[in-house]
Amino acid sequence: GSGHFLVSVLNELIAIKSELKILVDDNYEPLSSYSAFVLNDELILTDEEGGLFSYHPKNKESQRVQETLFHEKQTIIEKCLFGVDINPNSVKICRLRLWIELLKNAYYKNQTELETLPNIDINIKCGNSLVSRFAIDADLKPALKESKWNISSYRNAITTYHHASNKDEKRELEGLILVIKQNFTSQIRRSDPLKKRLDKLASELYHRFTGTFLFEPEEPYGNKNKELENKSKKEQEKLEKEIEDINKKMEEIKNNSIYLNSFEWRFEFPEVLSDEGDFIGFDVVIGNPPYIRQEEFSDIKNHLKSKFKIYHSIADLLTYFVELSYNILKPNGIFQFIISNKFTRADYGKVMRQFLLDKTQLTHFIDFSGVPVFDEATVDAAILGYIKSEGQDNEFKYFNVQKDQLIITDFENYVSENVTQISQNTLNEGTWSFQSDNLNSFKSKIEAQGISLKDWDIKINRGILTGLNEAFVIDKATRDRLIAEDPKSESIIKPMVRGRDIQKYNLDYEDLYLIGFHNGFDKTSAMDISEYPAFKKHLDKFEPGLSKRYDKGSTPYNLRNCAYWQDFEKPKIMYPEMTKFLNFAYDDQGYYSNNKVFILTGEQIEWLTCFFNSKLWAYCFRDNFPELLGGTRELRKVFMEEIKVKKVDDDVLVICKNYLQKIKDGDKAIIAQIDQLVYELYGLTEDEIRIVEGK
């Protein structure tokens with residue numbers, strides 16, 4: 001970005017040194033009479049009486065303090081801070097901000113001359129940090145063996161650059177650094193497996209077929225000669241074809257436009273290379289990755305797929321920065337990102353969640369959920385931290401920031417007083433629900449008895465999307481009129497419910513109907529409007545809206561194909577896509593629904609209806625679904641399929657059927673008995689029941 005993080009880190013490091021009493025001058029004398037701290041991203045220095053430090057060149061102590069601050073900042077900027085951004089303007093601004101931060105503590109070497117500011121631009125680089133030709137672990141040893149340059153000379157060139165006194169000297173050093181990097185690049189290319197294969201094939205082609213021979217090969221006679229000639233020709237053609245393919249592939253890689261801004265972590269920062277050229281890595285990686293949806297970077301998807309374990313075809317761009325950070329960290333290095341919290345529940349986040357659990361020790365997850373962290377980005381932000389070290393027994397800090405309780409001026413204390421400790425081994429690749437250890441342990445007990453719904457013999461489908469509700473959704477009066485005009489119409493007018501009509505266990509039906517004039521179950525079974533003149537007359541009133549629909553069938557009058565159309569007639573569970581109350585209704589009357597409702601058909605749906613409406617379900621699984629404004633949950637299919645539910649025997653199914661019938665008959669008291677049945681089936685103790693019921 002604009003360098004905000006790097007400037008902040010610079011000042012924080014100075015403040016930490018002050019607190020540890022290791023902020024020292026050139027003679028290693030500490031600034032013991034002063035305290036440095038950061039306030040509103042500004043470094044503040046105060047004396048023992050709380051007065052603000054002010055530089056006075058003629059005062060010996062003031063000069064000592066100013067020189068100390070300058071050289072500390074210079075050392076940190078030159079040796080400790082590194083940055084990469086794809087936007088050249090951001091890079092310029094970042095360099096400028098660091099330079100200004102150093103300028104704040106510039107001091108006079110004599111009465112008229114300020115200390116020369118060093119060149120601090122070389123550690124802030126421009127490039128696409130996700131795209132590299134060479135892997136981080138590509139072997140530099142052959143390059144170092146054959147080259148007059150080594151890592152030490154590369155480091156020395158950069159150190160010299162920092163103190164170059166004029167533009168000509170800078171340009172000369174920039175050229176030298178470029179030559180060194182190009183030398184490493186060409187040597188690495190020679191070790192490329194494709195290049196090695198090409199050399200081997202070219203050698204074989206020459207020695208077997210195209211080179212000159214000291215002695216003429218023996219020539220067999222007759223048919224035998226012809227057979228050998230054909231065989232030899234085919235083998236030569238095969239070699240030439242493979243050579244052509246490899247050359248083409250290497251040329252594509254060389255000329256591929258995605259590499260125009262590629263960033264070669266392998267040798268851009270010699271400070272994180274060992275003397276043997278091995279990539280050691282950084283101590284800390286911090287960042288705020290770009291929030292870009294997968295549709296917007298299709299040009300580099302193939303590259304990402306080949307380079308990142310975390311790849312998922314619909315993942316947002318930010319996920320790849322998480323793995324990149326891991327790759328460029330040294331062992332036990334520290335990762336800190338401001339990141340979208342979407343990965344904790346999105347289907348594409350499954351790969352990333354498993355990666356984090358397997359490869360890292362999470363340190364904290366601070367979820368800002370409803371708090372707008374950025375003015376310009378409408379994203380639910382979180383702060384994610386981890387250490388590059390495996391350890392499932394690890395505990396990390398979790399906190400969910402509440403907008404109405406947020407104390408932004410005392411954020412650190414606000415978090416520390418409300419933080420929860422979470423065991424990492426209570427999480428899995430499924431949706432991450434950050435709860436207390438007690439709740440996670442309890443939830444694990446429930447999940448251990450169940451099977452993911454995606455492995456049941458069930459189907460979850462969305463209701464009908466008409467594309468023009470005013471044409472296809474009618475009231476009772478319109479229904480009666482259409483049937484009176486054409487009695488045959490009754491067969492394709494279906495009772496319909498909306499999300500708001502779904503209550504716990506039952507439907508609150510409001511006499512709405514769907515004109516089920518569909519395009520069939522496949523492309524060959526579309527219905528013919530000429531057979532239903534009353535419908536045609538009704539629908540003609542809604543032209544041109546009918547024709548403009550995105551969701552239409554083979555004619556403007558048809559709804560689109562729907563392979564599960566007949567499932568609406570089966571016994572099923574109906575539930576709203578968005579809900580505060582987690583209502584699930586059992587339906588055996590053949591109700592249809594709009595696209596704001598999901599239907600679930602298949603095995604044991606009477607038991608599932610009871611379970612989904614139970615207190616245990618709400619307590620354990622509410623947080624598996626994204627929370628929207630006002631506490632509304634989004635019960636999308638990808639989240640629902642991951643829920644683990646226990647299967648029951650036939651006796652329990654009979655009990656559940658009886659319970660549902662009694663509720664339908666108006667017996668609401670039976671609901672408490674359903675909760676007790678669920679508790680009993682899952683083996684809950686009295687204390688656990690009291691927890692679930694909030695007692």
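The values are calculated or read from the model by the stated rules, or taken from the named source; none is laboratory data. The shown structure was predicted, so the numbers you read here are calculated from the model rather than taken from an experiment. Virtual Cβ from ideal backbone geometry, glycine too; neighbours counted across all protein chains shown. Heads up: the accessible areas ignore ligands, DNA and RNA and are worked out on the full protein's heavy atoms, side chains in. Shrake-Rupley method; radii C 1.70, N 1.55, O 1.52, S 1.80 Å.
Report ³J(HN,Hα) in whole Hz for each residue of region 564-569, in order, from the Karplus equation J = 6.51 cos²θ - 1.76 cosθ + 1.60 where θ = phi - 60°; Gly and Pro get x.
Listing the rounded values in order: 10, 3, 6, 5, 5, 7 Hz.
To one decimal place, what Kirkwood hydrodynamic radius in Å is obtained for region 1-114 from all pairs of distinct Cα atoms?
14.9
Rank-order 537-550, 589-602, 454-467 by packing density, defined as the average count of other C-beta atoms within 10 Å over each peptide's residues, highest first.
Per-residue Cβ counts within 10 Å, averaged per peptide and sorted highest first, yield 589-602, 454-467, 537-550.
Here are some pairs, K570/K646; K309/K459; K196/K301; which of them have Cα atoms lying more than 29 Å apart in this structure?
K309/K459
Can you work out the FRET efficiency for the pair D508 and K359, with r the C-beta to C-beta distance and R0 = 56 Å, to the nearest 0.05?
0.70
Here is the link list: K125/K200; K454/K615; K494/K572; K443/K662; K170/K307; K454/K664. Which ones come out longer than 26 Å on Cα distance?
K125/K200; K443/K662; K170/K307; K454/K664
Suppose accessible area is computed on protein heavy atoms with a 1.4 Å probe; arrange W432, W99 from highest to lowest.
Largest to smallest exposure gives the sequence W99, W432.
Could you calculate the FRET efficiency of D47 with N302 from 1/(1 + (r/R0)^6), where r is the beta carbon distance between them and R0 is 60 Å, rounded to 0.05?
Computed FRET efficiency for D47 and N302: 0.50.
Using 10 Å bins from zero, what percent of all Cα-Cα pairs in region 256-358 falls into each bin?
So the P(r) values, bin by bin, are 14, 43, 34, 9, 0.
What number in nm² do you get for region 576-695 if you take the convex hull of its Cα atoms and divide its surface by four?
That works out to 8.4 nm².
Quick one: how many lysine pairs in region 324-427 have C-alpha atoms under 15 angstrom apart, if they're 8 or more apart or on different chains?
For region 324-427, the number of qualifying lysine pairs is 5.
Around F282, which amide H atoms from residues at least 5 apart in sequence, or from another chain, sit under 5 Å from its own amide H, with H modelled in the peptide plane?
The list, which skips near neighbours in sequence, is L329, K330.
Can you tell me the Rg and Dmax of region 53-95, counting just the alpha carbons, in angstroms?
15.2, 45
Taking loop as defined by DSSP and a crowding limit of 10 other beta carbons within 10 Å, which trypsin sites (Lys or Arg not before Pro) in region 88-175 fit?
K148
Out of the GluC sites (Glu not before Pro) in region 482-520, which ones are loop residues according to DSSP with at most 15 other C-beta atoms within 10 Å?
Qualifying residues, ordered by number: E510.
Running Debye on region 624-695 with equal point scatterers at the Cα sites and no solvent, what base-10 log of I(q)/I(0) appears at q = 0.21, 0.25 Å⁻¹?
For region 624-695, the Cα-only Debye profile gives -1.12, -1.07.
Keeping all protein chains in place and using 1.4 angstrom, which order do H71, H207 fall into by accessible surface area, from largest down?
Per-residue accessible area, sorted high to low, gives H207, H71.
Roughly speaking, what is the centre-to-centre gap between region 544-586 and region 472-509 when only Cα atoms are used, to the nearest Å?
13
Under 18 Å Cα to Cα from K234, which lysines show up? Leave out anything in the same chain fewer than 8 places away.
Cα-Cα hits under 18 Å: K224, K226.
For a distance above 39 Å, tell me the whole-number percent of Cα pairs in the chain that qualify.
The share of Cα pairs beyond 39 Å in the chain comes to 56 percent.
Using a 1.4 angstrom probe with every protein chain in place, what is the largest-first accessible-area order of L559, L439?
L439, L559
Return a whole-number percent for the relative contact order of the chain, with Cα pairs under 8 Å and 6 or more residues apart as the contact set.
8 percent.
Once you compute Rg and the Kirkwood Rh from C-alpha atoms, what is the Rg to Rh ratio for region 448-523?
Value, to two decimals: 1.10.
Among 25-33, 678-686, what's the highest-first ranking by average C-beta atoms within 10 angstrom per residue?
Top of the packing list down: 678-686, 25-33.
Could you work out the Kirkwood radius for region 384-479, taking every pair of different alpha carbons, averaging 1/r and inverting it, reported in Å?
This gives a value of 18.4 Å.
With a 10 Å radius around each residue's Cβ, average the other Cβ atoms per peptide and rank 38-44, 115-121, highest first.
Most protected by this proxy first, the peptides run 115-121, 38-44.
Based on DSSP H runs of at least 4 residues, each adding -39500 (n - 2.57), what is the mean residue ellipticity at 222 nm of the chain after dividing by all its residues, to the nearest 500 deg cm²/dmol?
-12000 deg cm²/dmol
Determine how many Å³ per residue the convex hull of the Cα atoms of region 261-301 encloses.
106
Taking 0.36 nm per residue of sequence separation and subtracting the Cα-Cα distance, how much length would be gained by fully extending the chain between I670 and I492, in nm to one decimal?
So the extension gain works out to 60.4 nm.
Please give the contour-minus-distance gain from K454 to T112: 0.36 nm per residue of separation, less the Cα-Cα distance, rounded to one decimal in nm.
Length gained, K454 through T112: 115.4 nm.
Under the Karplus relation 6.51 cos²θ - 1.76 cosθ + 1.60, θ = phi - 60°, what is the ordered set of whole-Hz ³J(HN,Hα) values for region 548-554, x standing for Gly and Pro?
7, 4, 6, 9, 9, x, 6
Once phi is turned into θ = phi - 60°, what whole-Hz ³J(HN,Hα) does the Karplus curve with 6.51, -1.76 and 1.60 give for every residue of region 125-138, x standing for Gly and Pro?
10, 9, x, 8, 5, 8, 10, 9, 6, 10, 5, 4, 9, 4
Give me D for region 295-348 in µm² s⁻¹, whole number, from Stokes-Einstein with Rh from the Kirkwood sum over alpha-carbon pairs, 4 °C and 1.567 mPa s.
Here the translational diffusion coefficient equals 106 µm²/s.
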